[in-house]
């Protein structure tokens, strides 16, 4: 992975595979403390304690096509190799929360990348899931709740209409991405 | 600043226009992009964006573009599967430029981009 945004996409795809109906994704930027925190929590099927222990081992996966799963190990590595930390909490039947913390100024910290693009992709490719995105930078914060979008639109198929996509792209840019200035 | 009120207005405006999509029938082309860890790491996101953008530019109404999980050949990612005319075409090692060519040549004009198909790699 070349961008942290791609990790967010990848880990959130796990939530969707775990039949999550609500997924919360938050990005907390704190330049003063030199900290960036990414958290993804869902109400999917969750994991038992034993699975949580070995889930960051690359040779653990639930998929059938291969016996390796690199998503979580790579995410963990990205945080731990840049002076940060990583944690995962899960409860069977309740859901999972994954959190990664980075030192913004660390030389090995990956750039955040196209976070707005990832947000748009998640919203339009998984219309059946309710996402709540929040970005915080010091005092300023912005939210996007897709349940609200769907209520306005009436039906989820409209999310993929080009005119709606363009609106959402700009909305995400103005309400989420602009909060941290885009280049992070 | 964009507000959700604008979205409501946009939606009302769209409802009053005739929906071309509802007439799409059995000639629909289905395109799937592998979006598991392997695909994402190999660059599947720009490929998906390029497909959506090109389909929008050309006003293609009978094309459905979506993502799927791991297709099983991680070293060939990004992989794009095109289901057209009852056949499945597997394009491998894709890039955004190749994806645009597939839309133009294959989906629109019916000429399969043989050089990107899995058998050729």
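Laboratory data are not the source of any read-out in this text; all were calculated from the coordinates shown. Bear in mind that the values here come from a model prediction, so they are computed numbers and not experimental data. Please note: Cβ atoms are built from the backbone with ideal geometry, for glycine as well, and neighbour counts cover all protein chains shown.
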- Item | Neighbour-count order for B:82, A:129, A:52, A:107, fewest beta carbons within 10 angstrom listed first | A:107, A:52, A:129, B:82
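Write down the Å³ per residue value for the convex hull defined by the alpha carbon atoms of the stretch A:21-63. Write down the numbers at each step before the final one.
Working: hull volume 5.1 nm³, N = 43.
With only Cα atoms used, the stretch A:21-63 gives 118 Å³ per residue.
Among DSSP beta bridges lying fully in the stretch A:4-141, give the percent that are antiparallel, nearest 5.
Numbers: 25 of 33 bridges.
So the antiparallel bridges in the stretch A:4-141 amount to around 75 percent.
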- Kirkwood Rh for the stretch A:54-100 from C-alpha pairs, in Å, is 11.6
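Summing -39500 (n - 2.57) over the DSSP H runs of n ≥ 4 in chain B and dividing by its residue number, what mean residue ellipticity at 222 nm do you reach, to the nearest 500 deg cm²/dmol?
Result for chain B, helices only: -9500 deg cm²/dmol.
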- Write down the percent of antiparallel bridges among all DSSP beta bridges whose residues are both part of the stretch B:26-120, to the nearest 5. 60
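What translational diffusion coefficient, in µm²/s and rounded to a whole number, does the Stokes-Einstein relation yield for the stretch B:26-120 at 4 °C and a viscosity of 1.567 mPa s, taking the hydrodynamic radius as the Kirkwood radius over Cα pairs?
Values: Rh = 12.9 Å.
D, rounded to a whole number, is 100 µm²/s.
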- Message: Over chain A, what is the relative contact order in percent, taking alpha-carbon pairs closer than 8 angstrom and at least six residues apart?
- Response: 25
- Query: Using 7 Å Cα-to-Cβ label points, what is the residue A:105/residue A:30 separation (nm, one decimal)?
  - Reply: 1.6
- Item | the stretch B:1-108: relative contact order as a whole-number percent, Cα under 8 Å and 6+ apart | 32
- Query: Antiparallel as a % of all DSSP beta bridges within the protein assembly as shown, to the nearest 5?
  - Reply: 75
- chain A - Rg and Dmax from Cα coordinates, angstrom: 16.4, 46
- Query: Add -39500 (n - 2.57) for each DSSP H run of 4 or more in chain A, then divide by its residues: what number comes out at 222 nm, to the nearest 500 deg cm²/dmol?
  - Reply: -10000 deg cm²/dmol
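Count, for each residue of B:8-14, the Cβ atoms from other chains sitting within 10 Å of its Cβ, then give me the mean as a whole number. Let's see the in-between values first.
On the way: counts 3, 2, 8, 10, 1, 1, 5.
Per-residue shielding by partner chains comes out at 4.
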- Cα-Cα pairs of the stretch A:84-184 separated by more than 18 Å (percent): 58
- Query: For chain B, modelled as a Gaussian network with Cα springs under 10 Å, which listed residue fluctuates most, B:12, B:81, B:28?
  - Reply: B:12
